[in-house]
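Everything on this sheet refers to the single structure shown next.
The values are calculated or read from the model by the stated rules, or taken from the named source; none is laboratory data. A quick note: this is a predicted structure, and the numbers were derived from the prediction, not measured. Using ideal geometry, Cβ is built from the backbone for each residue, glycine included, and neighbour counts are taken over all protein chains shown.
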Amino acid sequence: MVKLRQYIPRLAAGAYILNSGLTKRGADEEAARGMHGLAAGTYSFLEDVEPQQFAKSLSTAEIALGAALVAPFVPTGLVALGLGAFSGGLVGMYLNTPGMTREDGVRPTEAGTGLAKDVFLLGIAGGLLVDALSRKK
């Protein structure tokens, strides 16, 4: 059973990610190329994926993760791992994309602020995972 202390951050993150996935559903070619280019610039294994297919897959993954986060019957430990993997990839993209961070490599530039916010999702994932693994129920 999901505890209220777990469900509040799950609902916040899940609603955000679910909306993001639904917004990407049916992305036009230009939007798909933009999403794909940003991701493939950091994760080279994505270079061979067709942009429209990438956008559709990203949308589907975000919808699935968002729905799992808001569904109280999905175990918190499981959604914490999914959210951690997803947000870790986003934070990695932020840290490794030229022009997103200042000279220190951490603080965001104006262009990087949109991606830098994903550190909150990573923090939520960490908190949920620690709480789920805690013996204190």
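Observations
- If the condition is being loosely packed, with under 15 Cβ neighbours inside 10 Å and in a helix (DSSP H, G or I), then the stretch 93-119 contributes Asn96, Thr113, Gly114.
- Any hit, the stretch 4-26, residues being surrounded by 15 or more Cβ atoms within 10 Å (Cβ to Cβ), touching a residue at least 12 places away in the same chain (Cβ under 8 Å) and outside any helix (DSSP H, G or I): no
- Selection status of Asp48, outside any helix (DSSP H, G or I), modelled with pLDDT under 95 and more than 16 Å from Leu115 (Cα to Cα): no
- Residue list for the stretch 1-55, filter: over 20 Å from Gly123 (Cα atoms) and among the small types (Gly, Ala, Ser): Gly21, Gly26, Ala27, Ala31, Ala32, Gly34, Gly37, Ala39, Ala40, Gly41, Ser44, Ala55
- Within the stretch 76-122, the set of residues being under 12 Å from the mean Cα position of the chain (by Cα) and charged (D, E, K, R) comprises Lys117, Asp118.
- Test: Ala132 is loosely packed, with under 15 Cβ neighbours inside 10 Å and either at pLDDT below 95 or part of a helix (DSSP H, G or I) (or both): no
- Residue within the stretch 56-75 that is assigned to a loop (DSSP other than H, G, I, E, B), aromatic (Phe, Trp, Tyr), more than 17 Å from the chain's Cα centre (by Cα) and farther than 18 Å from Lys117 by Cα present: yes
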